[in-house]
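Please read the structure below before turning to the comments.
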Amino acid sequence: MTVGFPRVALFDLDGTLLDSAPDMAATANRMLAARGRPPVDAAVLRQHVSKGARAMVAATFPELDGPAHDALVPEFLQVYREELGRHSVLFDGIDAMLDALEDDGARWGIITNKAEYLARDVLAGLGWEQRCAVLIGGDTYPQKKPHPLPLFKAMELLGAQPDDCVYVGDDERDVVAARAAGMASIAVTWGYRLDGDDPETWQADAMATRPAELLDPAVWPRLRRG
């Protein structure tokens, strides 16, 4: 196979393309302030971002039990939508990497476990509605990552095959989903991980420690051109 960018690059969103932790920390601290409590350390929350709203609520209110965490998720999502895009930024080098993919004729899309309506708000804020070839959220289909269904649906919508695609993410669920869908994966290490999570154990096809590395087509694994 010729070394080059994939025909289709699929990405996780939070922790892979977007540093959304500041938005989520602002959300958590608004909830705490409403209860007369001091803010939580953003570094404590950061490692939970890729795990979703419930995990963020649990990290913000560790003294509560599971059902109490569930009860606070709707409030978290409501406040988060108000904070969405106010503090988050793209990771350094993401814009250049997406430009390089497009210049090579590749299509790119996003498969995230974030609710689709929130992910669409993010795309609108970034001006990506026309650039992103496919967007699938955690509630778009009956299953979400690590189940491969969202990846299969993305390929179906794009008319692509597994060998055309590479999935890029910062969580083990991303690698598991890609493997189950028959596509190659890249694990990135600049995102959000719990203490003790080791990307080396995820068995991704490749790893990247900063977005600029993805400007090199040779970093992208198992590609088919043409």
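Tabulated data for the structure shown
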quantity	calculated
Enumeration of residues in the stretch 38-90 that are under 22 Å from Gly137 (Cβ atoms) and among the β-branched types (Val, Ile, Thr)	Val49, Val57, Val73, Val79, Val89
Number of the condition not met by Ala212 [criteria: (1) modelled with pLDDT of 95 or more; (2) in a loop (DSSP other than H, G, I, E, B); (3) aliphatic (A, V, I, L, M)]	(2)
Test for Arg193: is it part of a helix (DSSP H, G or I) and buried (at least 18 other Cβ atoms within 10 Å of the Cβ)	no
The stretch 106-117, residues that are open to solvent by 20 Å² or more (accessible area, probe 1.4 Å) and either of a type in the set (S, T, N, Q) or part of a strand (DSSP E or B) (or both)	Arg107, Asn113
Within the stretch 196-209, tally of residues that are part of a loop (DSSP other than H, G, I, E, B) and surrounded by 12 or more Cβ atoms within 10 Å (Cβ to Cβ)	5
Options Val122, Val175, Val168; residue that is among the hydrophobic types (A, V, I, L, M, F, W, C) and either at positive phi or without any contact (Cβ under 8 Å) to a residue 60 or more places away in the chain (or both)	Val175
Test: residue in the stretch 31-46 that is modelled with pLDDT of 95 or more, surrounded by 16 or more Cβ atoms within 10 Å (Cβ to Cβ) and not in a loop (DSSP other than H, G, I, E, B)	yes
Asp23 over 15 Å from Thr112 (Cα atoms), surrounded by fewer than 19 Cβ atoms within 10 Å (Cβ to Cβ) and not β-branched (Val, Ile, Thr)	no
Members of the stretch 215-225 found to be at pLDDT 95 or above and of a type in the set (Lys, Arg), listed by number	none
Index of the failed condition, Ala26 passing every other in (1) touching a residue at least 24 places away in the same chain (Cβ under 8 Å); (2) assigned to a loop (DSSP other than H, G, I, E, B); (3) small (Gly, Ala, Ser)	(2)
Verdict on Ala124 being assigned to a helix (DSSP H, G or I) and surrounded by fewer than 17 Cβ atoms within 10 Å (Cβ to Cβ)	yes
Qualifying residue in the stretch 56-79 (condition: in contact with a Leu (Cβ under 7 Å, 6 or more places away or on another chain), of a type in the set (Phe, Trp, Tyr) and not in a loop (DSSP other than H, G, I, E, B))	no
Selection within the stretch 127-178 - of a type in the set (Lys, Arg), under 23 Å from Asp19 (Cβ atoms) and either modelled with pLDDT under 95 or surrounded by fewer than 24 Cβ atoms within 10 Å (Cβ to Cβ) (or both)	Arg131, Lys144, Arg173
Condition broken by Ala53, with the remaining ones in (1) touching a residue at least 24 places away in the same chain (Cβ under 8 Å); (2) farther than 21 Å from Lys145 by Cβ; (3) open to solvent by 20 Å² or more (accessible area, probe 1.4 Å); (4) aliphatic (A, V, I, L, M) satisfied	(2)
In the stretch 91-105, the residues that are closer than 15 Å to Trp128 by Cβ and open to solvent by less than 40 Å² (accessible area, probe 1.4 Å)	Phe91, Ile94, Met97, Leu98, Leu101
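The values are calculated or read from the model by the stated rules, or taken from the named source; none is laboratory data. Treat the numbers as computed from the prediction; the structure is a model and nothing was measured. FYI the Cβ positions are ideal-geometry reconstructions off the backbone, even for glycines, and counts take in every protein chain you see. Side chains included, ligands, DNA and RNA excluded: accessible areas come from the protein's heavy atoms. Shrake-Rupley method; radii C 1.70, N 1.55, O 1.52, S 1.80 Å.
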